[in-house]
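The values are calculated or read from the model by the stated rules, or taken from the named source; none is laboratory data. This one's a predicted model, so the numbers in the text were calculated from it and none came from an experiment. Note that we place each Cβ from the backbone using ideal geometry, even for glycine, and neighbour counts take in every protein chain shown.
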Amino acid sequence: MLLTCPKCKTKNFLDPYPFWNFKGTTQCAGCKAIWRLEIFGGACVAGPDEAKGAPDLLPGFAEKQDYSPIFGPGLTRSAPRARKDSVCKPIPMERNIRGKVISGHPLKKEDLVGSKPRFIVAGSR
Ligand SMILES: [Zn+2]
C-alpha cells in the first residue's frame, strides 16, 4: 500500500501486514508530517488527514520523487525478525537420541568427534 505525501510527494510504502486493518497515524519519511488514516481490508477508507503528535506506526520504506530511498531510525520501521531467539545470540545446542550434537552453536572441540570438521582439524596436525 502506498501513501503519497500530499505535502512533499514522498512515496511512503505501508507494509500490508500491520497496515491491513489500521486506524491511526503514520509519519511521512520525507517531511515528517503526521497523517491520520483509516485502512480497512488493504484499502484506504479515510484520510490522509493532517494530524499532530507521535505516529502510531512508521512506514516500512519510502522513496523521494527521484526514486532515491529514504530509510533509517525515526523515519522507517526496521524489518521484522524471523526468529527472536537467534538475533545476535548463539542458536541453542540440540542433540540427537544418541547424545551427539546435530545443530547449534558454539561447538566445542570434543563435540566434533567423528565429524568432518574434526577430521580436518585432526588431519591438519
Ligand atoms: Zn511528506
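Residues considered: 92, 80, 18, 73. Of these, the only one that is away from the ligand (no atom under 14 Å from the Cβ) and within 30 Å of residue 116 (Cα to Cα) is 92.
Is there a residue being surrounded by 14 or more Cβ atoms within 10 Å (Cβ to Cβ), in contact (Cβ under 8 Å) with a residue 60 or more places away in the chain and within 14 Å of the ligand (Cβ to nearest atom) anywhere in segment 29-37? Checked against the condition, which is being surrounded by 14 or more Cβ atoms within 10 Å (Cβ to Cβ), in contact (Cβ under 8 Å) with a residue 60 or more places away in the chain and within 14 Å of the ligand (Cβ to nearest atom), segment 29-37 yields no hits at all. Condition first: at pLDDT 85 or above, surrounded by 13 or more Cβ atoms within 10 Å (Cβ to Cβ) and not in a loop (DSSP other than H, G, I, E, B). Can you find one or more residues in segment 70-91 that meet it? Yes - at least one qualifying residue is present in segment 70-91. Of the numbered criteria (1) closer than 19 Å to residue 73 by Cβ; (2) touching a Phe, Trp or Tyr at 6+ places or on another chain (Cβ under 9 Å), the one residue 33 fails is (2). Report yes if some residue within segment 45-54 is within 15 Å of the ligand (Cβ to nearest atom), closer than 14 Å to residue 2 by Cα and in contact (Cβ under 8 Å) with a residue 12 or more places away in the chain; otherwise report no. Yes - at least one qualifying residue is present in segment 45-54.
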